[in-house]
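As structure tokens, the structure follows; a few thoughts come after it.
No value in this document is a laboratory result; all are computed from the given coordinates. Quick caveat: nothing in here was measured; it's all calculated off a predicted structure. When we count neighbours, we look across all protein chains shown, and the Cβ atoms used for this are built from the backbone with ideal geometry, even at glycine.
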Amino acid sequence: MLKTIAFLTPPLRISKYPSMLADTADDLGAGEHEKPWVRRYDYLLSRGYKLDDRYSPNWKPSWAGDTLRALAKFAASEGPDERRWYMKHPDSFTDSLGRKYVKDAVRMSDGVHVVVKIIKPGNPELDILRYLSSNAVQADSRNPTLPIIEAFSVDPADPLYNDGYGDGAMYIVLPLVRDWRLPSFVTAAEALDFMQQLLESLVFLHEHKIAHRDIRDDNILQDPSPLFPDSQMQMNPMNNRALGFPYLFPEPAITADAKRRYLLIDYGNSVIMHEGTQVTPVQGEIPAPEMLKDDSLWEVDETKLYDPFKADVYALGTVFLRHFGRVLPELIDVWIQMRKTDPAQRPSAAESLRIFANACEKLPPDAQLRMVPNARIAEWGDSWPRSEVAKERLRHRARHLKALCKHHYASTIRRSSSAD
């Protein structure tokens, strides 16, 4: 009888409890580091770019009409209930502190997803991106950037002015790019292509006298257009932010066997100078040994002079070793050379590319088919529910098996053709 009554009783809606709705809006709405973007919403809209709904000054939580039961399940779960909540209410998905000056947006004229980034006065990024966006430079396939869409001044009422950074600050609008780990590599062939492209990109930047100075996982992206070639079927920008979650947001199916193109972003610490010239260091995620204080494994000594081009090589070698050292041990010597403690003994980017190419020629024939560990599980799996880790591992193994079968089928066809 009680079950029947409970079934017939209308579910309790969150909107019926204003104080609870207000509390959840505070908890799940724009955080302190996001609130400046609420003030920027209307200005960017006037420029033709719409930020996520959570930043609208007139925002109302989409979950007001949802049930208390759904809210309770969301609050108590990190599994399917949490996923269902975020899929239904994406405006509750908080952006990370690391994106304080970067936000996703939609270009109103055509619905294309873009990225809006604030460049503070004195930051070299805009000048570097404008140079790398020129037609002549973009024609080089090694260029690891996509052309900027436009740049314009920040609103005179922007919160940056309160911090003394407003005068001369600019917005740059960039194409939306995708984390290089989406989807995670399955075979070593993908990893080899990734390393080849990034080494070529570093050679390209250094040829143009640009030292990046902040090469790390989060500054390596990919052009999503090969994965989603239909202009009407775009990637879900929230998946870049959901990278560490055991689930992703719905988006169109990725094109199989797409030729992926990898990019380097964030030129805020970059310098334009001749190779061999030395500068004082900036703190990055992967500092080279010559940049560090004598008693530190992490903190840089801002009084030291160092060669930023050689430090770029060290950082990129560290990324490669971290992700692919176990699956491609034949290349460890390449990365050891790129990570030599003495920068004078460390190869240049061009030399590193040659060393890498020579080492790849000596790989056994089946090396490219080795399974690469799932990057998302390796990085964040310890915080996922065990069931989600197990499911992701099964999906990863299934994709690897599919790749093996496809390779075997292609080899069989080639042998049959040769016999004929």
Check: Cα-Cα pairs above 24 Å in region 170-308: how many percent?
Finding: 43
Next item on the list: Would you mind computing, in nm to one decimal, how far apart the modelled labels at Leu45 and Arg13 are, each placed 7 Å from Cα along Cα→Cβ?
Entry: 2.4
Margin query: With loop defined by DSSP as not H, G, I, E or B, and exposure as at most 10 other Cβ atoms within 10 Å, which is the longest segment of the chain clear of exposed trypsin sites (Lys or Arg not before Pro)?
Written below: 1-258
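Would you calculate the convex hull of the Cα atoms in the chain and tell me its volume per residue in Å³?
Numbers: hull volume 87.3 nm³, N = 420.
Normalising the Cα hull of the chain by residue number yields 208 Å³.
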Next item on the list: Give me the orientation-averaged projected area of the Cα convex hull of region 28-176, in nm², one decimal.
Entry: 11.3
Margin query: Need one number: nm distance between label points at Ser133 and Thr303, each 7 Å from Cα along Cα→Cβ, rounded to one decimal.
Written below: 4.1
Item checked: Rule-of-thumb Rg ratio for region 177-420 [Cα; 2.2 N^0.38 Å; N residues] -> 1.11
Item checked: 30 Å Cα-Cα threshold exceeded, pairs from Lys259/Lys362; Lys50/Lys310; Lys209/Lys259; Lys103/Lys406; Lys50/Lys391; Lys100/Lys402 -> Lys50/Lys310; Lys103/Lys406; Lys50/Lys391; Lys100/Lys402
Next item on the list: Report, in debye and to the nearest 20, how large the dipole of region 28-176 comes out about its Cα centre when Lys and Arg carry +1 and Asp and Glu carry -1 on their Cβ.
Entry: 300
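Between Asp217 and Met108, what is 0.36 nm times their sequence separation minus the Cα-Cα distance? Round to one decimal in nm.
36.1 nm
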Notebook entry, point to check: How much FRET efficiency would the formula 1/(1 + (r/R0)^6) give for His33 and His208, where r is the Cβ-Cβ distance and R0 is 30 Å, rounded to 0.05?
Noted result: 0.30
Next item on the list: Tell me the label-point distance for the pair Gln345, His408, using the 7 Å Cα-to-Cβ offset, in nm and rounded to one decimal.
Entry: 4.6
Checklist line | Kirkwood-based Rg to Rh ratio, region 244-348, C-alpha trace | finding: 1.06
Margin query: Give me the extension gain from Arg322 to Ser56: residue separation times 0.36 nm, minus the current Cα-Cα distance, reported in nm with one decimal.
Written below: 91.7 nm
Margin query: Using a 7 Å offset from Cα along Cα-Cβ at Ala22, what residues in region 51-73 end up with backbone N under 18 Å from the label point?
Written below: 58-65
